[in-house]
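*Asks:* Mind looking over this structure? Questions follow.
The values are calculated or read from the model by the stated rules, or taken from the named source; none is laboratory data. Computed from a predicted model, the values in this text were never measured in an experiment. Don't worry about glycine lacking a Cβ; one is built from the backbone with ideal geometry, like all the others, and counts go over all protein chains shown. Keep in mind that these areas ignore ligands, DNA and RNA; they rest on the heavy atoms of the full protein, side chains included. Shrake-Rupley method; radii C 1.70, N 1.55, O 1.52, S 1.80 Å.
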Amino acid sequence: MNASASGMSPRGSISIREVTKIYDPDGAKVLAVDNCSMEIEAGEFCVLVGPSGCGKTTLLNAIAGFHGITTGEIWLDGELLCSGARTPSPGADRIVVFQNGALFPWFTVLENVTFGPVVQGGMSKAEAHDRARTMLGQMGLMGIENNYPSEISSGMRRRVEIARAMMNDPRVLLLDEPFRAMDALTKTVVHQFLLDVYDKSRKTVFFITHDLEEAIFLGSKVYIMTTRPARIKKVLDVDIPRPRDFRALSSATYLRLKQECIEAVHEEALKAFKAGEREMA
Amino acid sequence: MTTNVDALPQAAEAKAPNSWTIALFNLRLWLKSSTPYLNLLGLAGFVLLWYLLTEYFKVPYFEKLPGPVASFREWVSEDPAYGISLYTPDYYQHIGTSVMRVLKAFVLATLLGVPLGLFMGWKKIFRDYTFPLLETLRPIPMLAWVPLSILMWPGREASIVFLTFLGSFFATVLNTLLGVESIDEVYFRAAHSLGAKPRHVFFKIILPGSLPFVFTGLQISMGFAWFSLVAGEMLAGEYGLGYLIWNSFILVQYPVIIIAMVTLGVIGWLSSALIRLVGDRLMQWKVREACR
Ligand SMILES: Nc1ncnc2c1ncn2[C@@H]1O[C@H](COP(=O)(O)OP(=O)(O)OP(=O)(O)O)[C@@H](O)[C@H]1O
Ligand SMILES: [Mg+2]
């Protein structure tokens, strides 16, 4: 939340060009993503919604570098991340926050948050601890640095995980349904938290969700995807001013966008249903 | 920041307790529950039954066995009829010999087995080479190793330690391997995403992540070590509790058999309690998770 405030050139633009991903090309040939293109600007809060199993995670994992793609190209700030011929590798410039959380249970909050800087070797342990304490303080997460993840609430864990990602000053924050299993109250807290982090850092955020309200409340752009194989069906520009808080949820713009979103998604859900696919949440 | 309001009360509640406080708290909780008293009652009931069968009613089949009263008298006697009691140095020599053998074998098995298991879990190629071998050797009963062990090692000491080691070793390797496999894939992804290099993955993910299984494995392997030790000592020994049991049988000194058996039981139990203690110290995260 600190470094980028002084960062000059915007970083974190992602260009997804005609990406196709086929799982198990020699066997079952599951076409997960089909000729999908997206241009995500640096500093954009991009939200992907789409039916279950349509290929959202597949796309995110390719950006994260966990697996390759079959054809097409993904670029990050003008550098080729991966293409059909180039297998990507994960890196601290694109940090993933996972659906079920991936804080290391054997490390304390502080050890988790400093994991990135310590293994990358750019910082001494003491320095990393100092910075982590400062950041946890700024994020309202003080007093828990010596607790283990199992000792803090799920909402707290998710915020710590976002803090762990931000410690690396990544170019992109990749979030795969990070708040899915949370109750409504906890969700409002983590939403506000993520919005605050975003407002202060203006990182590029790539956020996957099933929850349309969450999508519009958080995102600058909402990409609605088709049923599998994934393609972009519709892009909504969310012109609700920032900083946002819960009051945005009752604005006319919000309600209009939600209506638009529901219609588009409903169409896809019906298609998915007819195709015998699993229902979307 | 709006989140402050929510963070403060939770932060206060989740203050990190130290391990002594937890241990003491757990002990107090345990003493308040019915568990320890039922434990004692169960033990007492067993001894009473044994007494009734062997010494009081002298039920057929049981009458030849040494009873608890006779054995206990022998155990605390200053001048034991068969030369083994709390007051004889021989008793401690037997215990000491057995404990040393188990210790040597167990330490060796742990030092070799844990790294081997971690490596097998870490590198698929390495596992592909070694796993079938492990799975073929593991089911061979310890007694089947006796002849080879005697042929291979010069003295009986080394061959007993070797047998004990084998029993311990396979359990350690297998559990460590299972421990590595139990680590959720998502932690590896998270580590890579955060920029971890292979050595970090090994020392910061694989090693701590597999520790719970490793320690379960060490407890099992300690059990196997005692098991194999006694088998070894019965066959070729001069000292040791296994030897004492067999020798007392041949010399018709039956109460000594009971003394040695109970001693084995208690030491075996203590040694696995010790492993658990060390495990708890190394895995505070597990301990604290459990007392939530
Ligand atoms: N490793 C794999 N091998 C074969 N098929 C896979 C694999 N991973 C995913 N798939 C298939 O690819 C499709 C897209 O999966 P993906 O996980 O990207 O969907 P998703 O949009 O993230 O779904 P959800 O909303 O349920 O998380 C699914 O039909 C899935 O069954
Ligand atoms: Mg998914």
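*Asks:* Restricting attention to region A:123-148, which residues are open to solvent by 10 Å² or more (accessible area, probe 1.4 Å) and within 25 Å of the chain's Cα centre (by Cα)?
*Replies:* A:131, A:133, A:134, A:137, A:138, A:142, A:145, A:148, listed by residue number.
*Asks:* Please determine, by comparing only the residues of region A:58-91 that are in contact with a helix residue (DSSP H, G or I) (Cβ under 7 Å, 6 or more places away or on another chain) and open to solvent by less than 10 Å² (accessible area, probe 1.4 Å), which one is nearest to ligand 1 (Cβ to nearest atom).
*Replies:* Result: A:64.
*Asks:* Contact list please: Cβ distance under 8 Å, first residue in region A:50-64 and within 17 Å of residue A:234 (Cα to Cα), second residue in a helix (DSSP H, G or I) and near ligand 2 (Cβ under 10 Å from one of its atoms), pairs at least six apart or on different chains.
*Replies:* A:50/A:56
*Asks:* Let me ask something else about it. Do any strands (runs of 3 or more DSSP E) entirely within region A:162-281 hold 2 or more residues that are of a type in the set (D, E, K, R), and if so, which?
*Replies:* Working: elements: A:172-176, A:204-209, A:221-225, A:232-237.
Per the criteria, A:232-237.
*Asks:* Of the conditions (1) at negative phi; (2) among the polar types (S, T, N, Q); (3) open to solvent by 10 Å² or more (accessible area, probe 1.4 Å), residue A:112 satisfies every one except a single condition; which number is it?
*Replies:* (3)
*Asks:* Suppose the filter is out of contact with any strand residue (DSSP E or B) (no Cβ under 7 Å at 6 or more places or on another chain), modelled with pLDDT under 95, β-branched (Val, Ile, Thr) and under 16 Å from residue A:99 (Cβ atoms); does residue A:209 pass it? Please lay out each step first, then the result.
*Replies:* Details: out of contact with any strand residue (DSSP E or B) (no Cβ under 7 Å at 6 or more places or on another chain): no; modelled with pLDDT under 95: yes; β-branched (Val, Ile, Thr): yes; under 16 Å from residue A:99 (Cβ atoms): yes.
Criteria not met by residue A:209.
*Asks:* If you don't mind, another one. How many of the residues in region A:172-198 are within 13 Å of chain B (Cβ to nearest Cβ) and of a type in the set (Lys, Arg)?
*Replies:* 1
*Asks:* Since residue B:165 meets every condition but one in (1) open to solvent by 30 Å² or more (accessible area, probe 1.4 Å); (2) closer than 23 Å to residue B:97 by Cβ, which condition does it not meet?
*Replies:* Condition not satisfied by residue B:165: (1).
*Asks:* All but one of (1) open to solvent by less than 70 Å² (accessible area, probe 1.4 Å); (2) more than 14 Å from chain A (Cβ to nearest Cβ) hold for residue B:188; state the number of the condition that does not hold.
*Replies:* (2)
*Asks:* I'm trying to understand the selection: among the residues of region B:213-226, which are touching a Ser or Thr at 6+ places or on another chain (Cβ under 9 Å) and open to solvent by 30 Å² or more (accessible area, probe 1.4 Å)? Lay out the reasoning, then the answer.
*Replies:* Taking region B:213-226 and keeping what is touching a Ser or Thr at 6+ places or on another chain (Cβ under 9 Å), we get B:213-214, B:217-226.
Of everything in region B:213-226, those that are touching a Ser or Thr at 6+ places or on another chain (Cβ under 9 Å) and open to solvent by 30 Å² or more (accessible area, probe 1.4 Å) turn out to be B:213, B:219, B:220, B:223, B:224.
*Asks:* Checking the condition within 18 Å of the chain's Cα centre (by Cα) and at pLDDT 95 or above, which residue from B:214, B:230 passes? Steps first, please.
*Replies:* Working: B:230 fails: at pLDDT 95 or above.
Unique residue meeting the criteria: B:214.
*Asks:* Among the residues of region A:249-269, which ones are touching a Lys or Arg at 6+ places or on another chain (Cβ under 9 Å) and open to solvent by less than 70 Å² (accessible area, probe 1.4 Å)?
*Replies:* Within region A:249-269, A:260, A:261, A:264, A:265, A:268 meet the criteria.
*Asks:* Scan A:281, A:272 and give me the residue that is open to solvent by less than 10 Å² (accessible area, probe 1.4 Å), within 13 Å of ligand 1 (Cβ to nearest atom), modelled with pLDDT under 90 and away from every other protein chain (no Cβ under 14 Å).
*Replies:* Step by step, each of A:281, A:272 is checked, and only A:272 is open to solvent by less than 10 Å² (accessible area, probe 1.4 Å), within 13 Å of ligand 1 (Cβ to nearest atom), modelled with pLDDT under 90 and away from every other protein chain (no Cβ under 14 Å).
*Asks:* Could I ask something else about it? Of the residues that make up region A:73-86, is at least one part of a loop (DSSP other than H, G, I, E, B), more than 12 Å from chain B (Cβ to nearest Cβ), away from ligand 2 (no atom under 16 Å from the Cβ) and within 19 Å of the chain's Cα centre (by Cα)?
*Replies:* yes
*Asks:* Look at region A:37-68 and say how many of its residues are within 16 Å of ligand 2 (Cβ to nearest atom) and not in a strand (DSSP E or B).
*Replies:* Adding up the residues that qualify gives 17.
*Asks:* Let me spell it out: the conditions are (1) touching a Phe, Trp or Tyr at 6+ places or on another chain (Cβ under 6 Å); (2) open to solvent by 30 Å² or more (accessible area, probe 1.4 Å); (3) of a type outside the set (S, T, N, Q), and residue A:47 meets all of them except one. Which number is the exception?
*Replies:* Every listed condition holds for residue A:47 apart from (2).
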